[in-house]
Amino acid sequence: MVYSFGGLGMLIPFLIALATGGPDRLALGLSTGIGLVLGGLLALPLLERREAIDIDQRGAILVVVLSWVGLGVLGALPFILNGTLNPVDALFESISGFTTTGASVIAEVEALPAGLQFWRCFTHWLGGMGIIVLVVAALPLLGPMGYQLFRTEAPAMDEDRFIPRVTRTAQALLTVYVALTLAETVLLLLGGLSPLDALAHSFATIATGGFSTRNASVGAYHSLYVELVVIVFMVLGSLPFWVHYRGLRNPRAYLESSQSRLHLGLLAAACALVSLQLWSRGVYSHPGEAFRYGSFQVTSLMTTTGFATADSEQWTAFSHIILVAVMFLGGCNGSTAGAIKTFRILALGKVVRRQFTALLHPNVVRPVRIGGQTVGEDVLRSAGLYIFAYLATAFAGTVALVLCRIDPMTAVTATAATLGGVGPGLGAVGPYDNYGWMPEEAKFICMALMLLGRLEIFMLAALCHPDFWRGW
């Protein structure tokens, strides 16, 4: 079913290629056909069954992982068949798109035909909410299998499930996702963007992906209005989608969410620090200019979107430290943003506070509460383990890239950018650079980091454990 959705997704760029007479119409047409045929053949046994389908946790993990890897291969076909990229680079671009990383190997984005331009950014939108979530929303017949797949791919969505039935939850999330995308598209059209540019940037913004149709990213438009619209929707994409759903009825839901408050507070503080530093050090002579460019870049990296309006390579060392720090923080649980995520930071902070309280008052037993609800020890333990695993993976990725003869600054930020789904980093992978110069082994390392970050490390790592394969 997932591959059928991928094939259906290619129909739109194929129609755009036909309408514009682009040289990519044959490549997109063939890729669409391959996706639909492959998806149909794999889905045939599923459709022939009359009863609800069940699946265990191991099966769900395997299906989700194979779906993401297979989609990466399928999404690479248009670039390969059109002769735009070699197979390794095409796979890199496709996986970067579906995982909403936004790291690119293409130096001249504006040279791409319209169909490939659209497909490249549309992969963000398909992967942002999660392709499994889209499938579950569209196919209630999956039954228990749909629930297992949903909670495996989007555990944060399941923990905050605000509607009893998983299918209705997925449909509600998709409704919010589509509504935000359409709203931003309309606002960008009002800002003078073409329909293709407006849609492409909306896909990338709501999915916190970062692919742009312009070499200079959002900075190419030189428009404060466009930048403000993109900032607002980058922030909305980094907030929990269940908060958006509740916020439609009660706007106070945004303030009632503990992780949303912390996320917005950290974002505001980081924007203020970087903007003040840029103005005080003379990088920008006017405070308004420093706030404009500083806030956009901080928001872009902390929401793991990866758009750019300025070359942050030219900024101060202190600014670079803040930018790298926010790349690790990321957005909220239940959002399209990546990295460690605010909920885990909040949980870790609560645990540290509890330990200090225990030192001062050994006989006091105080449960950890987040958002007015008591958080179980298993959740706290899981958050701590994930942060440790994330940092360990980042360290291993950095070492691996250094062994590929990449300088340390580039290796550190490229690892943070690909693992966290950010895209651009610093050094040779800065906001106006790309990953095309990397040796193939480094590109495969970055692709593995993208998938690890999107599948939150443990799911992909589970496949490497011998116990996973016993008893099959």
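Please work out if G338 is touching a helix residue (DSSP H, G or I) at 6+ places or on another chain (Cβ under 9 Å) and at pLDDT 85 or above. Judged against the criteria, G338 is a match. Hey, among A270, A290, A310, A325, which residue is under 28 Å from R214 (Cα atoms) and not in a helix (DSSP H, G or I)? Result of the check over A270, A290, A310, A325: A310. So, in the range 77-95, how many residues would count as being out of contact with any Ser or Thr (no Cβ under 8 Å at 6 or more places or on another chain), free of Cβ contacts under 8 Å to residues at least 60 places away in the same chain and not β-branched (V, I, T)? Summing the residues that are out of contact with any Ser or Thr (no Cβ under 8 Å at 6 or more places or on another chain), free of Cβ contacts under 8 Å to residues at least 60 places away in the same chain and not β-branched (V, I, T) in the range 77-95 gives 5.
The rows are residues; the columns are (1) within 21 Å of G209 (Cα to Cα); (2) of a type outside the set (D, E); (3) outside any loop (DSSP other than H, G, I, E, B).
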position: V379; (1), (2), (3): no, yes, yes
position: L391; (1), (2), (3): no, yes, yes
position: V399; (1), (2), (3): no, yes, yes
position: I406; (1), (2), (3): no, yes, no
position: Y432; (1), (2), (3): yes, yes, no
position: E456; (1), (2), (3): yes, no, no
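Quick grid of which residues meet (1) at pLDDT below 95; (2) surrounded by 16 or more Cβ atoms within 10 Å (Cβ to Cβ); (3) part of a loop (DSSP other than H, G, I, E, B); (4) not charged (D, E, K, R):
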position	(1), (2), (3), (4)
Y177	yes, yes, no, yes
A183	no, yes, no, yes
A204	no, yes, no, yes
G209	yes, yes, yes, yes
V218	no, yes, no, yes
E227	no, yes, no, no
I231	no, yes, no, yes
M234	no, yes, no, yes
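One residue stands out in the range 39-84 among those that are farther than 18 Å from G6 by Cα and within 23 Å of the chain's Cα centre (by Cα): the one that is modelled with the lowest pLDDT, namely A60. Of the residues making up the range 185-195, those that are surrounded by fewer than 16 Cβ atoms within 10 Å (Cβ to Cβ) and either assigned to a helix (DSSP H, G or I) or in contact (Cβ under 8 Å) with a residue 24 or more places away in the chain (or both) are V186, L189, L190, G192, P195. Within the range 404-419, residues that are touching a residue at least 60 places away in the same chain (Cβ under 8 Å) reach partners that are hydrophobic (A, V, I, L, M, F, W, C) and outside any helix (DSSP H, G or I) with beta carbons closer than 7 Å, at six or more positions or on different chains, in the pairs T413/L426; A416/V422; A417/A103; T418/A103.
To keep it simple, each residue is scored yes or no on (1) more than 27 Å from R454 (Cβ to Cβ); (2) out of contact with any Asp or Glu (no Cβ under 6 Å at 6 or more places or on another chain); (3) not small (G, A, S).
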site	(1), (2), (3)
L264	no, yes, yes
A269	yes, yes, no
W279	yes, yes, yes
Y284	yes, yes, yes
Y293	yes, yes, yes
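Of all the criteria given as (1) over 27 Å from T393 (Cβ atoms); (2) touching a residue at least 24 places away in the same chain (Cβ under 8 Å); (3) not polar (S, T, N, Q), the one not satisfied by A308 is (1). Annotation: of all residues in the range 251-276 being hydroxyl-bearing (S, T, Y) and either at pLDDT 95 or above or touching a Ser or Thr at 6+ places or on another chain (Cβ under 7 Å) (or both), the one that is nearest to T336 (Cα to Cα) is Y254. Is it the case that the range 320-332 has a residue that's touching a Cys at 6+ places or on another chain (Cβ under 7 Å), buried (at least 24 other Cβ atoms within 10 Å of the Cβ), among the aliphatic types (A, V, I, L, M) and closer than 14 Å to A268 by Cα? No, that holds for no residue.
The values are calculated or read from the model by the stated rules, or taken from the named source; none is laboratory data. These numbers come from a predicted model, not from an experiment. FYI the Cβ positions are ideal-geometry reconstructions off the backbone, even for glycines, and counts take in every protein chain you see.
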